[in-house]
There are 4 protein chains.
Amino acid sequence: MRIGFIGLGGMGKGMAGNLIKAGHEVLVWNRSQQAVQEMVSQGAKAASEPADAFDAEVVVSMLADDASTRAVILDSGALDRARAGAIHLSMATLSVAFVAELIERHAKAGVDYISAPVFGRTDVAVAGKLNIVVAGPQAAVDKVQPLLDAMGQTTWPLGEDPLRANIVKIAGNFMLASAIETMGEASALTKSYGVEPADLLNILTNTLFAAPAYKNYGAMIAEQRFEPAAFKLTLGLKDVGLALSAGQAKNVPLPFGSVLRDNLLEAVAQGEGHLDWSALGGRALKRSGQA
Amino acid sequence: MRIGFIGLGGMGKGMAGNLIKAGHEVLVWNRSQQAVQEMVSQGAKAASEPADAFDAEVVVSMLADDASTRAVILDSGALDRARAGAIHLSMATLSVAFVAELIERHAKAGVDYISAPVFGRTDVAVAGKLNIVVAGPQAAVDKVQPLLDAMGQTTWPLGEDPLRANIVKIAGNFMLASAIETMGEASALTKSYGVEPADLLNILTNTLFAAPAYKNYGAMIAEQRFEPAAFKLTLGLKDVGLALSAGQAKNVPLPFGSVLRDNLLEAVAQGEGHLDWSALGGRALKRSGQA
Amino acid sequence: MRIGFIGLGGMGKGMAGNLIKAGHEVLVWNRSQQAVQEMVSQGAKAASEPADAFDAEVVVSMLADDASTRAVILDSGALDRARAGAIHLSMATLSVAFVAELIERHAKAGVDYISAPVFGRTDVAVAGKLNIVVAGPQAAVDKVQPLLDAMGQTTWPLGEDPLRANIVKIAGNFMLASAIETMGEASALTKSYGVEPADLLNILTNTLFAAPAYKNYGAMIAEQRFEPAAFKLTLGLKDVGLALSAGQAKNVPLPFGSVLRDNLLEAVAQGEGHLDWSALGGRALKRSGQA
Amino acid sequence: MRIGFIGLGGMGKGMAGNLIKAGHEVLVWNRSQQAVQEMVSQGAKAASEPADAFDAEVVVSMLADDASTRAVILDSGALDRARAGAIHLSMATLSVAFVAELIERHAKAGVDYISAPVFGRTDVAVAGKLNIVVAGPQAAVDKVQPLLDAMGQTTWPLGEDPLRANIVKIAGNFMLASAIETMGEASALTKSYGVEPADLLNILTNTLFAAPAYKNYGAMIAEQRFEPAAFKLTLGLKDVGLALSAGQAKNVPLPFGSVLRDNLLEAVAQGEGHLDWSALGGRALKRSGQA
């Protein structure tokens, strides 16, 4: 299939690479040229502007946030110049308010919009083992299924309204942040009685909490090792904000979400914004004077 | 081995049953006689008072809380009449303040005190598959190891200070409560966008959160089915209180713990104290007017 | 002085009325014409569009929020057509992000921008007894001082950066919301021991808390009388949001603010958005099953 | 009247002094003898043990907390040796659980128990200007009214159940803590936009919040001056705990109370337990990296 691919950050490069490996013709665009050259060396073609990527059957986008997606997809005029009948497979984590706007704009442009955000970090993207939640027009989803299969280990279909995939992704990231905070508080509690976080988390993440989220972040909290950042704390603050604002629009209070936001803000204020967001799990130790 | 066993609630019966099956001579005591007769029919002998159970090499206790443990072990005079050199294997979930007092009292009575609280609900106790965290004098722990093996699938040793096992159990229950609240909030969020809790939790508990804690409680939250109560919400409130008071004694704030306490109190005030504590995971839906 | 006045809600009418009484020539504009006619009957002249109001030495605006201010002042083109050297005395409660944008836009348009938000409800505005916090270019503030004197009992100068007045207003409203929540929680606590909120609040608001904020809102909470709404709960939610977003921009966590937001959202979800925001002070009684 | 007076801390000395000045015969007891000698030099007589003080028509107690009251009144045997028909005017801030126990013990001892906790710090006690909330048997209250008049500027009667006065005092201290936290958060917010806490609080405490609680604590927060401690932060933590435990007994969640507890614990963990409890109002500045 002829695919445009926009956004070659850590995640995007792994995903685009797997599309190339699967035999697709991939036309890539990225703001910085270095990543473009990397992908070209793997077999991609370079697009000179975002609109070129939209001159394809399917365009995949994996940009950082609302602002960059707005700039590259809408403000650049790329969407307006999309090929008739194109499908936009939007895989970034975006706010519900902005996705609602995107849906409207794509409808006007005659382009099918699919939300397909992913769970998994860079290494998982490279391995083609992402979990992908997808929602959009069924025929369009059927058409991009081979692409989803190339990038992920499992596709989780959520119906035709793209917002549904979007909100599940936001809820999932909220759950991750909660797990991190939970392990941080539990660790501070046991440490005050002489039990090291590593000892606590070894037990719990091999029994009741034997799940990837707890094992991965638990290991970082056990060692209080928050660098290098696979996902920066400031991005975690952004994502918790997506949950809170999505909740606010529907009058859904999220008291854990509020605590997370406050603790992440405090972390940024204390100079930890550049750390991995698992550093949230180190705040309780600091607050209690134990680190 | 000749074992005294005190406390035949749902958990205690399963645990004592496995000791009998393993070939030990078990002398049981319980406040209500019905449970005693059940165990007698399985091969136990009935003790006429708690002190009789303390006339054994090892006495296992599995009582409901601080108050019942105080009444049965201390106020009844049972500990004072313990056989010299006896070992008390205390498996209930108790406050750190009370365990500190128990340690002191046992030292005076010349009885070894071991804390060995368990993770697992009634069915797991019956199956002999509990996860047991244990801390106490090493020689004593070595001696009771066959008993722990009969009751649990894994023993997690935590050193010689009994408080260490105690605080890990308290931290574990706090983590469970956090997981329940987290799923409740995430469910309320996605439901407000039309995604049913069951659809959200199906995805998350089969991927990032594929762990027993999330699967078990997630299923109950997905169905909003909180009866019958395997572990009552009022007991959950008590256990979160154990975490908060343990934290307070060491100046460790637990902001998630505070939210949990407030939400559990609200649930009790709204008449939900008799439900399973997973009903905590239904509060967010109610608060947001969706249930 | 020749004054344009934009925004004739409950507050605006009282304020414009006092300018007329003070002998100024007031040209009013409002989206709905009824309020315009009221003011004309008091001696104002009617402007046919917002831009007309900007053809004055000083234009006063008192609109509901960011969105209406953006629509009327910016999007209508009014600011772009302002008289050279005009002063815009902006008295609404606006977000810091939007005020920052307004400052920039006014600088480009060659119009002095003064922030002068007010403390006081409708009756206080009518009586000309508002407390006004003001910040902006000193010469411009000096020039509008007679107008501030006509509308308020006291002007509190805060320097030349308009954002300073803005943030003080936001902080003040946050403090009011905190006082309401505080009285609500205290009332729920004492009522559970048989002490009516009215008895508690009678004592406290005549001693340690003998201040207008506590007396006014305390009376409403004592009677659990939240209608008619002098300031709607949904507006309170908006204002607490202004504090939270202002804090977020500077990495300042506001844990009380987070609780306020969650409780206000819950109130809206429970159908109380149309009540006076003092209804926030009734939530604790409801949550604890006492109302 | 012949009065026993137990507890000569900063508050007690001022209160006992005013009873002496009013012409009463005051028999004082205190753990440390220095304060006893001070009062003797003002005209008091020294009691050699607590029980001596209970050999009077009225015994006033003003001890630090539950523990010291239990030790001095109950465990010492003083109450058991009280004169028949005596009245105990208990003015300390005690937990509702302990007051319930005291009521029962006094009934058995044939001693009337009156709760009469006070609002006001040391200087107010010396000046005889305390606000006193009182509840107990009416005839007994009538009899001690001259004593209350000597110690306070106003007596606020709350009926015959002593717990009613007790819970109002607890609620009042909770409201003070909330006011301190509120000013602290508001100050951190405005400071991040360049407005000093002193400038914010000058405006608010002279307008909407022109009340003693806000003026007194506001001045300390404005200057970030938290020494010397008129009321230590650790005592504030104790008092917030009294509110939370009183609420818990009746299923009343207090979300602001939970935040206060967490922030006070954090302050103690950070080494601020010895400061005045207004130091709670400095936490937000520290958390946001501004102090």
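The values are calculated or read from the model by the stated rules, or taken from the named source; none is laboratory data. No experiment lies behind these values; they were computed from the predicted model shown. Using ideal geometry, Cβ is built from the backbone for each residue, glycine included, and neighbour counts are taken over all protein chains shown.
Here are the numbers:
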{"quantity": "Residues that are away from every other protein chain (no Cβ under 11 Å) and among the charged types (D, E, K, R), drawn from segment D:122-151", "calculated": "D:123, D:142, D:143, D:149"}
{"quantity": "Count - residues of segment A:230-241 that are basic (Lys, Arg) and free of Cβ contacts under 8 Å to residues at least 60 places away in the same chain", "calculated": "1"}
{"quantity": "Options B:268, B:252, B:240; residue that is within 29 Å of residue A:283 (Cα to Cα), of a type in the set (Val, Ile, Thr) and more than 8 Å from chain A (Cβ to nearest Cβ)", "calculated": "B:240"}
{"quantity": "The listed residue being surrounded by fewer than 20 Cβ atoms within 10 Å (Cβ to Cβ), facing chain B (nearest Cβ under 9 Å) and either polar (S, T, N, Q) or in a helix (DSSP H, G or I) (or both), out of A:190, A:154", "calculated": "A:154"}
{"quantity": "Which listed residue is in the same structural domain as residue D:49 (by the TED database) and touching a Gly at 6+ places or on another chain (Cβ under 9 Å), from D:148, D:94, D:79, D:130", "calculated": "D:130"}
{"quantity": "Selected residue (criterion: farthest from the other protein chains (Cβ to nearest Cβ)) from residues of segment B:157-185 that are under 30 Å from residue B:197 (Cβ atoms), among the small types (Gly, Ala, Ser) and under 15 Å from the mean Cα position of the chain (by Cα)", "calculated": "B:177"}
{"quantity": "Of all residues making up segment B:79-88, the number that are surrounded by fewer than 22 Cβ atoms within 10 Å (Cβ to Cβ) and either among the hydroxyl-bearing types (Ser, Thr, Tyr) or not in a loop (DSSP other than H, G, I, E, B) (or both)", "calculated": "2"}
{"quantity": "First in segment B:204-229 and in the same structural domain as residue B:280 (by the TED database), second anywhere and among the charged types (D, E, K, R) and modelled with pLDDT of 95 or more, Cβ under 6 Å, 6 or more apart", "calculated": "B:205/B:215; B:226/B:276; B:229/B:276"}
{"quantity": "Matching residues, segment C:101-127, being under 26 Å from residue C:174 (Cβ atoms) and among the small types (Gly, Ala, Ser)", "calculated": "C:115, C:116, C:120, C:125, C:127"}
{"quantity": "Selection from segment C:56-78 of residues that are aliphatic (A, V, I, L, M) and surrounded by 15 or more Cβ atoms within 10 Å (Cβ to Cβ)", "calculated": "C:56, C:58, C:59, C:60, C:62, C:63, C:64, C:72, C:73, C:74, C:78"}
{"quantity": "Matching residues in segment B:193-204 - criterion: being surrounded by fewer than 17 Cβ atoms within 10 Å (Cβ to Cβ) and not acidic (Asp, Glu)", "calculated": "B:194, B:198, B:202"}
{"quantity": "When residues of segment B:89-117 are limited to those that are part of a strand (DSSP E or B) and more than 19 Å from residue B:21 (Cα to Cα), the one farthest from the other protein chains (Cβ to nearest Cβ)", "calculated": "B:112"}
{"quantity": "Conditions (1) free of Cβ contacts under 8 Å to residues at least 60 places away in the same chain; (2) over 30 Å from residue D:68 (Cα atoms); (3) of a type in the set (D, E, K, R); number of the one not met by residue D:191", "calculated": "(1)"}
{"quantity": "Among (1) touching a Pro at 6+ places or on another chain (Cβ under 8 Å); (2) assigned by the TED database to the domain that holds residue B:250, the one test that residue B:136 misses", "calculated": "(2)"}
{"quantity": "Meets criteria (in a helix (DSSP H, G or I), β-branched (Val, Ile, Thr) and surrounded by fewer than 24 Cβ atoms within 10 Å (Cβ to Cβ)) for residue B:207", "calculated": "no"}
{"quantity": "Per-region count, segment C:74-106, residues closer than 19 Å to residue C:116 by Cα and acidic (Asp, Glu)", "calculated": "2"}
{"quantity": "Per-region count, segment C:193-229, residues under 13 Å from residue C:278 (Cβ atoms) and either facing chain D (nearest Cβ under 8 Å) or β-branched (Val, Ile, Thr) (or both)", "calculated": "3"}
{"quantity": "Counted residues, segment D:42-55 - those being touching a residue at least 40 places away in the same chain (Cβ under 8 Å) and either buried (at least 23 other Cβ atoms within 10 Å of the Cβ) or not in a loop (DSSP other than H, G, I, E, B) (or both)", "calculated": "5"}
{"quantity": "Failed condition for residue A:134, given (1) under 18 Å from residue A:260 (Cβ atoms); (2) assigned to a strand (DSSP E or B)", "calculated": "(1)"}
{"quantity": "Residue match in segment D:222-230 (condition: among the hydrophobic types (A, V, I, L, M, F, W, C) and in a helix (DSSP H, G or I))", "calculated": "yes"}
{"quantity": "Yes/no for residue A:244 being crowded, with 21+ Cβ neighbours inside 10 Å and in contact (Cβ under 8 Å) with a residue 60 or more places away in the chain", "calculated": "no"}
{"quantity": "Number of the exception - residue B:285 against (1) under 21 Å from the mean Cα position of the chain (by Cα); (2) among the hydrophobic types (A, V, I, L, M, F, W, C); (3) surrounded by fewer than 24 Cβ atoms within 10 Å (Cβ to Cβ)", "calculated": "(1)"}
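Residues checked against (1) in contact (Cβ under 8 Å) with a residue 24 or more places away in the chain; (2) in contact with a Gly (Cβ under 8 Å, 6 or more places away or on another chain); (3) surrounded by fewer than 24 Cβ atoms within 10 Å (Cβ to Cβ); (4) not in a loop (DSSP other than H, G, I, E, B):
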{"residue": "D:8", "(1), (2), (3), (4)": "yes, no, no, no"}
{"residue": "D:18", "(1), (2), (3), (4)": "yes, yes, yes, yes"}
{"residue": "D:34", "(1), (2), (3), (4)": "no, no, yes, yes"}
{"residue": "D:38", "(1), (2), (3), (4)": "yes, no, yes, yes"}
